[in-house]
1. If you take all C-alpha pairs in the range 1-105, what percent of them are over 25 Å apart?
2. Of all DSSP beta bridges in the range 147-275, what percent run antiparallel (nearest 5)?
3. Short version: ³J(HN,Hα) in whole Hz for each residue of the range 175-186, in order, from phi by Karplus 6.51 cos²θ - 1.76 cosθ + 1.60 (θ = phi - 60°), x for Gly and Pro, what are they?
4. Can you tell me the accessible area per residue over the chain, all protein chains present, probe 1.4 angstrom, in square angstrom?
5. Please find the FRET efficiency linking VAL147 to SER101, where r is the Cβ-Cβ separation and R0 is fixed at 45 Å, and quote it to the nearest 0.05.
6. Amide H of LYS146 versus every other amide H placed in the peptide plane: which residues, excluding those fewer than 5 positions away on the same chain, fall under 5 Å?
7. Mind ranking 14-26, 152-164 by how tightly packed they are, going by the mean number of other C-beta atoms within 10 angstrom, highest first?
8. With a 1.4 Å probe and every protein chain kept in, tell me what percent of the accessible surface of the chain is carbon plus sulfur.
Amino acid sequence: MADANDRQTPPRSQPRTVVRVAAGQDGRLHERDIQASEVPVALEYNGISHATMLATPADLEDFAYGFSFTEGIIASAQDVRGVEVQPVPEHGGIVVAIEISSACEYRLKQRRRALTGRTGCGLCGVDSLPEVVRDIAPVAAGAPVKVPALFQAQQAMRARQWLFEETGATHAAGWATRDGRLHLVREDVGRHNALDKLIGALIRREDLPVREGMALVSSRASFEMVQKSAAAGIDVLVALSAPTALAIDLAVRLNVGLAGFMREQRCTLYAHANRFV
């Protein structure tokens, strides 16, 4: 049997033969199409299983860092001692083995003792309201963002959604400076995963000052998107679609400027509108 390190990570997309039909037209057209891959990704900390998410098998080291950071498992990238991506072909998934500091491991064990079980949902098995909406300090407000910069960054991100262009089935999260210059984009079938990958990439780099930029997402803005952004110190979140009511309430409390419904050079400001000029 091949060593796990020699096994290839599943491709991020796969070809399939599909049948195209149209209303009012006879006949069926068999064509080759490309689908985004979605595989179980199990996160293990110091050999202990923590959560399994369905994700796109790309940028998984960024995902490990970002998920660990936004979930409060680590306080900085320096708390991670190593990440190993281990494909498990016989189960059709991937194990991401994350080695964290002993202090982080202790806090994680204390947290796990408060959980009655784990599920595959986005809330990762939490069983109480404080675990859902965590106690995160409000972020410091940065310089205002000019509204045209929002559209500039959004258009640049759309041009770099290469997996979406190929499959039409993925979300993206991007980070841009206040002037609208886009620096990073990460994609995934899950919108929360895409944002975790983006945040993971940000905290691993020292040349991009997180607090001097803004995050963009190609989806709606759920409360988790606001919470993850605030946990990373991002004070402006821009969503392609609308936010939920809880997301707006949380953005107000955490001092996150929240914009959404980015359509044809127009958008709606939902929280801290003075953050946009």
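The values are calculated or read from the model by the stated rules, or taken from the named source; none is laboratory data. Since the model is a prediction, treat every value here as computed from it, not as a measurement. For neighbour counting, all protein chains shown are included, and Cβ atoms are generated from backbone atoms with ideal geometry for every residue, glycine included. The area values use the complete protein model at the heavy-atom level, side chains included, leaving out ligands, DNA and RNA. Shrake-Rupley method; radii C 1.70, N 1.55, O 1.52, S 1.80 Å.
1. Working: 2001 of 5460 pairs.
Percentage above 25 Å: 37.
2. About 70 percent, rounded to the nearest 5.
3. 10, 10, 6, 4, 8, x, 7, 7, 10, 9, 9, 10
4. Values: 13420 Å² over 277 residues.
Accessible surface, normalised per residue, equals 48 Å².
5. Values: r = 42 Å, r/R0 = 0.93.
My answer for the efficiency is 0.60.
6. Excluding prolines and chain starts, which carry no amide H, the hits are VAL277.
7. Details: 14-26: 8.8, 152-164: 18.2.
The packing order, highest mean first, is 152-164, 14-26.
8. Numbers: 6830 of 13420 Å².
Taking all protein chains in place, the chain shows 51 percent carbon and sulfur surface.
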